[in-house]
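Inspection log for the structure reproduced underneath, given as structure tokens.
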Amino acid sequence: MKYALFTILLSMFTFYSTDAQKFGYVNTQELLSNMTEMKLADNQIQAFQNDLVSKGEQMVIKFETEYKAYMNEANGGTLSKVQMQQKESVLVAKQDEIKKYEVEIQQKVAAKKEELYKPVIDKVKAEIEKMGKEGGYTIIFDSAPGMILHAADSENLMTVLKSKLGIP
């Protein structure tokens, strides 16, 4: 009996406490894609990546030239076995250097994204927090794909958030 009474009281408390809660939602992916700061960051990242890739392409061209020269010498019979092994080990080392550089590019681009995206994301988070407190929202959800199954349009905060962030 006590258990049933406790369950009834708990469900009544939950009903009354959820009645006073206010929820909203915003699609952060859409918001970020419309922000000028994010577009500038994307352009900077692309230029940075292009510079790194260009250097990598130069490394590959140099490697291919050296490899062709080696193959011509090896097929021409002008190299001894020892010379062939030495040149092969140099080529393998250069090939490993190219592979390491490819990994380095990925790491540098990821670090650059973190560096440039973080201030923009922090700005959006701060504005959402501010809007949540000012609007009396208990929770503001992200309606990015897969995050919300149903939401009333009246609780979409995208327009208000865009105007607060100066996004057209």
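Here, each number is a calculation from the coordinates, and none is a lab measurement. Treat the numbers as computed from the prediction; the structure is a model and nothing was measured. Cβ sites come from the backbone with ideal geometry, for glycine too, and all protein chains shown count toward neighbours.
What the phi angles of region 79-87 give under the Karplus curve with 6.51, -1.76 and 1.60, with θ = phi - 60°, is a coupling list of 10, 7, 4, 5, 5, 4, 5, 5, 5 Hz, glycine and proline written as x. Cβ under 14 Å from Lys81's Cβ, Lys81 left aside: what net charge do those residues give with Lys, Arg +1 and Asp, Glu -1? Result for the neighbourhood of Lys81: -1.
Sequence-distant contacts, meaning Cα pairs under 8 Å at least 6 residues apart, place the relative contact order of region 21-165 at 56 percent. Whole-Hz Karplus values for region 61-67 come out as 4, 4, 4, 4, 4, 5, 5 Hz, taken residue by residue from phi with 6.51 cos²θ - 1.76 cosθ + 1.60 and θ = phi - 60°; glycine and proline positions read x. Straight Cα distances below 26 angstrom link Lys55 to the lysines Lys39, Lys68, Lys87, Lys94, Lys99, Lys100, Lys108, Lys112, Lys113, with same-chain residues fewer than 8 positions distant left out. Using a simple spin-label model with pseudo-atoms 7 Å out from Cα toward Cβ, Asp96 and Gln21 lie 5.7 nm apart. Under 5 Å between amide hydrogens, built in the peptide plane, is the criterion, and for Ser143 it picks out Val26, Asn27, Thr28 among residues at least 5 positions away or on other chains. Label-to-label distance, Thr138 versus Asn43, with points set 7 angstrom from Cα along the beta-carbon direction: 4.4 nm. Length gained on full extension, Glu64 to Ser80, computed as 0.36 nm times the residue gap minus the Cα-Cα distance: 3.6 nm.
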